[in-house]
Amino acid sequence: MTVEASKIEAILYLKGKPLLIGEIADYAKCDRTTAEEGIIELIDEYARRDSALEVIETPQGYSLQLRSDFHELVQTMIPVELGVGALRTLAAIALNSPMLQSDLINLRGSGAYQHVPELVELGFVRKRRNGDSRSFSLQVTPKFHQYFQIDQLPQPFSNIKQERQLELELESATIATAESA
């Protein structure tokens with residue numbers, strides 16, 4: 001590979017976005033013809049290498065990018081972007097898993113109807129028809145536990161309050177029994 005092609009490869013890598021030939025020539029401090037020849041050499045070199053990377057032309061310019069064969073790998077390696085609402089919906093499902101979608105809507109509001117398909121598509125939630133009712137059953141998947149690195153989820157707040165109330169009642173009963181003895 002020529003020095004100019006190597007320099008252009010470095011420029012495309014460092015910029016991390018498509019660049020027009022004029023921009024590449026400016027960064028490489030060469031003329032447009034030399035930049036075009038370097039790009040053609042790079043495209044040919046990457047095609048022959050059978051590499052995970054490729055140089056492609058887009059409407060915004062030339063770009064060094066991952067081949068489309070590796071996009072599934074990207075989905076598993078790069079963090080998922082979830083909005084605050086979807087994250088809260090996911091948290092509600094996780095803390096109450098399994099739960100009915102109707103219960104989720106009562107808890108989170110009708111906006112959760114938009115979050116559920118997104119969470120199912122990302123593989124964090126499993127949605128199944130519940131035979132006992134018209135609502136769907138929702139529960140988190142192993143991918144949820146793996147992605148968020150959660151082995152065991154805390155109990156929902158209502159259960160914690162109920163457990164604390166039971167503890168207080170048991171404590172009171174124990175004290176009353178001790179006092180009467």
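The values are calculated or read from the model by the stated rules, or taken from the named source; none is laboratory data. Here the structure is a predicted model, which is why all the values come from computation and not from measurement. Quick reminder, even Gly has a Cβ in these numbers, built from the backbone with ideal geometry, and neighbours come from all protein chains shown. The accessibility values were calculated without ligands, DNA or RNA, using every heavy atom of the protein model including side chains. Shrake-Rupley method; radii C 1.70, N 1.55, O 1.52, S 1.80 Å.
Accessible area per residue was computed with a 1.4 Å probe on protein heavy atoms; Met1 scores about 100 Å².
Backbone phi angles across segment 95-111, fed through the Karplus curve with coefficients 6.51, -1.76 and 1.60 (θ = phi - 60°), yield HN-Hα couplings of 6, 10, 5, x, 9, 7, 4, 4, 5, 4, 5, 4, 6, 9, x, 5, x Hz in residue order; Gly and Pro are listed as x. Whole-Hz Karplus values for segment 116-121 come out as 4, x, 5, 5, 5, 4 Hz, taken residue by residue from phi with 6.51 cos²θ - 1.76 cosθ + 1.60 and θ = phi - 60°; glycine and proline positions read x. Accessible surface of segment 1-129, 1.4 Å probe: 52 percent of it comes from carbon and sulfur atoms.
In the full protein context, segment 1-116 carries 62 Å² of accessible surface per residue, based on a 1.4 Å probe and ignoring ligands, DNA and RNA.
Going 7 Å from the Cα of Met1 along its beta-carbon direction, which residues of segment 56-70 have the amide nitrogen within less than 12 Å of the resulting point? Zone members listed by number: 64-65. Largest first, the residues Tyr62, Tyr46 sort by 1.4 Å accessible area into Tyr62, Tyr46.
Highest mean first, the peptides 32-45, 129-142 sorted by other C-beta atoms within 10 Å per residue fall in the order 32-45, 129-142.
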